[in-house]
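J.: The structure is given below, and queries will be raised subsequently.
FYI, it's all coordinate maths here, none of it is from the lab. All values derive from a computational prediction rather than experimental measurement. Because the Cβ atoms are built from the backbone with ideal geometry, glycine has one as well, and the counts that use them run over all protein chains shown.
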Amino acid sequence: MTTRILHILILGCFLICSGRIYAQDTFNRNWDGQKIKGVRHIAYPTYTGFPFLTDGWVPGQIEFNNGEIADSLYLRYSAFKDELLYYNKLLGSQIVIDKVSISGFSFKGPDGIPRIFRKQYYDGYMKGDRFFEILSKGETDLLAYRKRNLTTTMPYKDEQQILKDQEYTNSYQYYFYSPGKGYSLVRPNLNAFLDVFNEADQKSVKKLIRRNRVRITDEASLLQAWKIVEGGGFKILLR
Amino acid sequence: MKKISLIILFLTSLWLPGNTQQKSFYGLYTDRDIYVSGETLLAKIFLPEGISSSIVCLDLMNMNGTRITGGSLSIHNNEAEGYLLLPDSLSTGTYLVRTYQKHNASRIKTIREIWISSRFDGLEKISQIKRIIAPNSIQDKETTQITITGIQPEYKTNSSIEANISIDESLLKELDGNLLVSVAQTEQTFNPVSFQIENNQSNDGIIEKKGIIISGTITDKKTLQPEPNITVCLTIPDSIPGFQYYTTRKDGRFYFLLDQYYGSVQAVVQCFANNPNQRLNMKLDELYADPGTLPGFKLQPISEDFKTNITRNISAGTFRKVFGQETLVYSSPPKVIRDSYPYYGKATKTVDPQLFIELPNFTEVARELLPGVKFRNYNDEPSLQVLNNATHSYFEDNPLILIDGIPVRDLNIIKGMGSADIDRVDICQNERFYGDMRFPGVVAIYSTKADYSMLAESSQLARLTLETIQLETKLAEPSNTEPNIPDLRQLLYWNPTTRPNQNMALKCRTSTIEGQFKIQVRGKLKDGTILFSEKNFEVK
């Protein structure tokens, strides 16, 4: 008897759900959403090193200029060209999304923490729109420009035994940024970090960092130090 | 067995709420009841709770149910305000203003009767007028909890009116949304009927949650069966053309959303067969609701007062037209963030053929002026190829060809275009993608005429003029700059978005129009009931 009741229940639920699924199935996916615009990605030349930020395609989302979000996309950020690629399953194509059409993108890192990139105009050397990763958001943001350059190196032979003399190298740049005030470049070392503060504050900032036993040597420690100093109420001297 | 019955009952109860149709009520109110052709009708719509659509339609129909004009209004907090420009060509008679939402238009509509007099003929020959016999007319509830004080029984022309509207504190808590406050000329012998058409048998369509939806069906011309996998395109020609596409599914249906357009918009909808021999038939769904079954009419004699007022209104309406006295001030459309370049991408090269020597046809134009574009017309079979900048070779497939932003596949359309016909040509020499569409290069031709006359209407191409979302408006202030020009306003005050307060001051001025006027305050309660309070006065 109990099995019979269970069967009826399951059948009933199935009938109810199937109706709803069918109702949604009438429309194409994302039919009323903004469409992604771009050009076909042309493979970069192979050298030692890697031009992309992530090893493979990562599921993520993009934000269009009007704030609309397109999600469930396979994304890959090219740190070499500062451009965002997505994989169009239907067309089987790797597409470089028009930078001008989006305001940012995000995806989850291997540790599950979301990585958020924002398109901003950079007014320093090599002016233009750049994708910055937001490391810390507040009155003053700490941003990372994940740049990978093609640099000349000692001649070497690649897998196909072709002689090459270039490689992809990291050239990450970190900036403090405040809207309306601009950018201030910071390198992940103590002196450079102190340099972005007022001379009057530098001693107190140094003390605060030491008290918290932080040694600024890399991105993680730079971020840690900034969070401590920001919590202490110190302001960045943006120039 | 009992248990099984109980379970079935439980499942049925689960199923039912999704299908039961909630009783809805649309309150439709116009600024006046009597108009002259060429005037503007203002309307306020109170919508029921739980509306998921963002659009409500406002139409004008004649007594036969033929739609004359209309608009789509944006809903804010279950309310909408809009206007109808009454055509000058209307003949004298009773007309119907109706409101509905497209998704349930076949199920529910609210209709209001109005009188429109033609500006070009009077009522001399008319002794009777047709009036509606509405079996279920909507009766609003007059309340004493809204009091209008400070109104005198008589005012002089061009004098100021100051009134106070008081709302009972207990009613304030019950009111939902804004009030409609208006001061307008009234005709006491013409009490219009407002009624609702309900049909519980009909099913709901697609809800316009984000904006206006254009839909239709593609069928095969031979088999008459719905055709899947057909690409249907909607283009809104402009300096930066708007473009949408939809690939039909098994049912052959297609949908387009127009959420960022305001006012009247020209659009082209077209479908493309997957093979050259296939012929398709594109049928667009009705953009407006059908009239449904309208109630009957009865003849009613007209009074001499009515005739006199109409004659005076016709003169006033004509004068206002002559002196260009506008009823409304239109707001600028909300700022829409649109891309600064067309959907087909930034042009690699833009060529203006007018700057060069005149060339007779597109073969010559392409050869002489368009870099990386190969147009051949051997044996009257034209072909077009674009150079791929990335690979430095020509694309094998035909590029996306556009005339004034509208995609075309038949190259015969462009082969005769000489440099005199072309304003500019945008060329994209790369492989572009737009959603799931791939363009092996783009040649976008913008014609000098820009009237899309080269694209003939067919079963696969339809040109439409769409009434998209109405712009927000407010009542124009009377102009005091020229004292010699008479102020002929029949509507003295109109504020459909008055925030309810315990005490509200109302200030306006009478015009040179004499006669009976009415001050009205209307509001909706949380349970959907519409309340009103009104007071009459005379302008002498």
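J.: In degrees from 0 to 90, rounded to the nearest 10, what is the angle of the helix B:2-19 Cα long axis to the longest principal axis of chain B?
T.: 90
J.: Fewest first, what order do B:THR391, B:THR40 take by the number of other Cβ atoms within 10 Å? Please list the in-between numbers first.
T.: Values: B:THR391 12, B:THR40 18.
Sorted ascending by nearby Cβ count, the order is B:THR391, B:THR40.
J.: Given a Förster radius of 51 Å and the C-beta distance between A:LYS207 and A:SER171 as r, what FRET efficiency does 1/(1 + (r/R0)^6) yield to the nearest 0.05? Please list the in-between numbers first.
T.: Working: r = 32 Å, r/R0 = 0.63.
Between A:LYS207 and A:SER171 the formula returns 0.95.
J.: Roughly what angle does helix B:304-322 make with the longest principal axis of chain B, taking Cα atoms, 0 to 90 degrees, to the nearest 10?
T.: Orientation of helix B:304-322: about 40 degrees from the principal axis.
J.: Could I ask something else about it? Taking the number of other C-beta atoms within 10 Å as the exposure measure, put A:MET126, B:MET437, B:MET63, B:MET282 in order starting with the fewest. Each step should come with its number before you reach the end.
T.: Values: A:MET126 8, B:MET437 18, B:MET63 14, B:MET282 21.
Listed from fewest to most nearby Cβ atoms, that is A:MET126, B:MET63, B:MET437, B:MET282.
J.: With unit charges on the beta carbons (Lys and Arg positive, Asp and Glu negative) and the dipole taken about the Cα centre of the protein assembly as shown, which residue among B:ASN379, B:PHE25, A:ASN189 sits farthest to the positive side?
T.: Positive-most Cα among the choices belongs to A:ASN189.
J.: Put +1 on the Cβ of each Lys and Arg and -1 on the Cβ of each Asp and Glu in segment B:463-507; which of B:PRO500, B:THR473, B:ASN484 then has its Cα farthest toward the positive end of the dipole?
T.: B:PRO500
J.: Report ³J(HN,Hα) in whole Hz for each residue of segment B:431-438, in order, from the Karplus equation J = 6.51 cos²θ - 1.76 cosθ + 1.60 where θ = phi - 60°; Gly and Pro get x.
T.: Couplings: 8, 9, 10, 9, x, 9, 9, 10 Hz.
J.: Using Cα-Cα distances under 8 Å and only pairs 6 or more residues apart, what relative contact order does chain B have, in percent?
T.: On the way: 1197 pairs, mean separation 114.6, N = 540.
The value is 21 percent.
J.: When the chain is fully extended, how far beyond the present Cα-Cα distance does B:THR144 get from B:GLU286, taking 0.36 nm per residue of separation?
T.: Values: separation 142, 0.36 × 142 = 51.12 nm, distance 4.40 nm.
Separation in residues times 0.36 nm, less the Cα-Cα distance, equals 46.7 nm.
J.: Please report, to one decimal in angstroms, the Kirkwood hydrodynamic radius of chain B built from all distinct Cα-Cα pairs. Provide the component values of the computation, followed by the final result.
T.: Numbers: mean 1/r = 0.0368 Å⁻¹.
Result for chain B, one decimal place: 27.1 Å.
J.: Treating each Cα of chain A as an identical point scatterer and ignoring solvent, apply the Debye formula and state log10 I(q)/I(0) at q = 0.16 Å⁻¹.
T.: Result of the Debye calculation: -1.19.
J.: Something else now. Placing unit charges on C-beta atoms (Lys and Arg positive, Asp and Glu negative, everything else neutral), compute the dipole magnitude of segment B:349-454 about its Cα centre in debye, rounded to 20. Intermediate values should be presented prior to the final figure.
T.: Details: 10 positive and 16 negative charges, 43 e Å.
In total the dipole reaches around 200 debye.
J.: Would you mind getting me the FRET efficiency between B:SER159 and B:ASP410? Use the beta-carbon distance for r and R0 = 45 Å, nearest 0.05.
T.: Working: r = 68 Å, r/R0 = 1.51.
After rounding to 0.05, the efficiency reads 0.10.
J.: Just to be sure I understand: if I project the alpha-carbon convex hull of the protein assembly as shown onto a plane and average over all orientations, what area do I get in nm²?
T.: Details: hull surface 209.6 nm².
The directionally averaged projection comes out at 52.4 nm².
J.: Mind grabbing the base-10 log of I(q)/I(0) for segment B:349-454 at q = 0.15 Å⁻¹? Debye formula, identical points on the C-alpha positions, no solvent, two decimal places.
T.: -0.57
J.: Kindly point out which whole DSSP H helices in chain A project their C-alpha atoms 30 angstrom or further along the helix axis while averaging a Kyte-Doolittle hydropathy of 0.0 or above. Intermediate values should be presented prior to the final figure.
T.: On the way: long enough: A:2-25 (34 Å, 0.99).
Passing helices, by number: A:2-25.
J.: Just to check I understand the Karplus step: with θ = phi - 60° and J = 6.51 cos²θ - 1.76 cosθ + 1.60, what whole-Hz values come out for segment B:152-159, glycine and proline as x?
T.: 8, x, 9, 10, 7, 5, 6, 10
J.: Just report the Cα centroid separation between segment B:489-540 and segment A:136-188, whole Å.
T.: Distance between centres, Cα-based: 67 Å.
J.: At 0.36 nm per residue, minus the direct Cα-Cα distance, what do A:SER93 and A:ARG187 gain on full extension? Give it in nm, one decimal, please. Walk me through the intermediate numbers first.
T.: Numbers: separation 94, 0.36 × 94 = 33.84 nm, distance 3.78 nm.
Gain on stretching A:SER93 to A:ARG187: 30.1 nm.
J.: Right, another one. For B:LYS283, give me every one of the aspartates and glutamates with a C-alpha distance below 18 angstrom, ignoring sequence neighbours fewer than eight places off in its own chain.
T.: Straight-distance partners of B:LYS283: B:ASP220, B:GLU227, B:ASP251, B:GLU457.
J.: Grab the DSSP H runs of chain B that are 4 residues or longer, score each as -39,500 (n - 2.57), total them, divide by all residues and round the 222 nm result to the nearest 500 deg cm²/dmol.
T.: Values: 5 runs with 55 residues, N = 540.
Roughly -3000 deg cm²/dmol at 222 nm, from the helical runs in chain B.
J.: Going by Cα centres, segment B:210-259 and segment B:68-84 are how many Å apart?
T.: Value for the Cα centre distance between the two parts: 26 Å.
J.: A further question on this structure: Let me spell out the model: positive unit charges on the Cβ of Lys and Arg, negative unit charges on the Cβ of Asp and Glu, origin at the Cα centre of the protein assembly as shown. What dipole size does that give, in debye rounded to 20?
T.: Working: 91 positive and 86 negative charges, 465 e Å.
For the protein assembly as shown, the charge dipole is close to 2240 debye.
J.: Another question, if that's okay. Which value, in debye to the nearest 20, gives the size of the charge dipole of segment B:440-513 about its Cα centre, when Lys and Arg are +1 and Asp and Glu are -1 at the Cβ?
T.: On the way: 7 positive and 7 negative charges, 58 e Å.
Charge dipole of segment B:440-513: 280 debye, to the nearest 20.
J.: Considering only A:VAL186, A:VAL39, A:VAL96, give the residue with the highest GNM mean-square fluctuation for chain A, with springs between Cα atoms whenever their separation is below 10 Å.
T.: Comparing A:VAL186, A:VAL39, A:VAL96 in a Gaussian network model of chain A, the most mobile one is A:VAL39.
J.: If you don't mind, there's one more thing I want to ask. Projected onto the charge dipole of segment B:65-199 (+1 at Lys/Arg Cβ, -1 at Asp/Glu Cβ, origin at the Cα centre), which of B:SER91, B:GLN145, B:GLN185 gives the Cα projection farthest towards the positive end?
T.: Result: B:SER91, furthest along the dipole toward the positive end.
J.: Counting other C-beta atoms within 10 Å, which of B:LYS526, A:LYS99, B:LYS125 has the fewest, and how do the rest follow?
T.: Working: B:LYS526 11, A:LYS99 17, B:LYS125 7.
Least crowded to most crowded, the residues run B:LYS125, B:LYS526, A:LYS99.
J.: Springs between alpha-carbon pairs under 10 angstrom, Gaussian network model over chain A: which of A:LEU135, A:LEU84, A:LEU163 fluctuates most?
T.: A:LEU163
J.: Additional query: Past 27 Å, Cα to Cα, is the threshold; run A:LYS35/B:LYS109; B:LYS507/B:LYS540; B:LYS210/B:LYS349; A:LYS89/A:LYS119; B:LYS141/B:LYS540 against it and keep the listed order. Could the numbers behind the result be given before it?
T.: Values: A:LYS35/B:LYS109 35 Å; B:LYS507/B:LYS540 19 Å; B:LYS210/B:LYS349 36 Å; A:LYS89/A:LYS119 25 Å; B:LYS141/B:LYS540 30 Å.
In this structure, A:LYS35/B:LYS109; B:LYS210/B:LYS349; B:LYS141/B:LYS540 lie more than 27 Å apart at Cα.
J.: Another one. Show that you can apply the helix-only estimate: for chain A, add -39,500 (n - 2.57) for every DSSP H stretch of four or more residues, divide by all residues, and state [θ] at 222 nm to the nearest 500. Display every interim value, and only then the final one.
T.: Details: 4 runs with 56 residues, N = 239.
Result for chain A, helices only: -7500 deg cm²/dmol.
J.: Let me ask another. Rounded to the nearest Å, what's the spacing between the alpha carbon centres of segment B:27-62 and segment B:373-407? Just the number, please.
T.: Computed from Cα coordinates, the inter-centre distance equals 50 Å.
J.: In addition: Can you tell me the FRET efficiency between B:SER239 and B:PHE272 if r is taken as the Cβ-Cβ distance and R0 is 30 Å, rounded to the nearest 0.05? Walk me through the numbers on the way to the answer.
T.: Numbers: r = 25 Å, r/R0 = 0.82.
Efficiency, from the Cβ-Cβ distance: 0.75.
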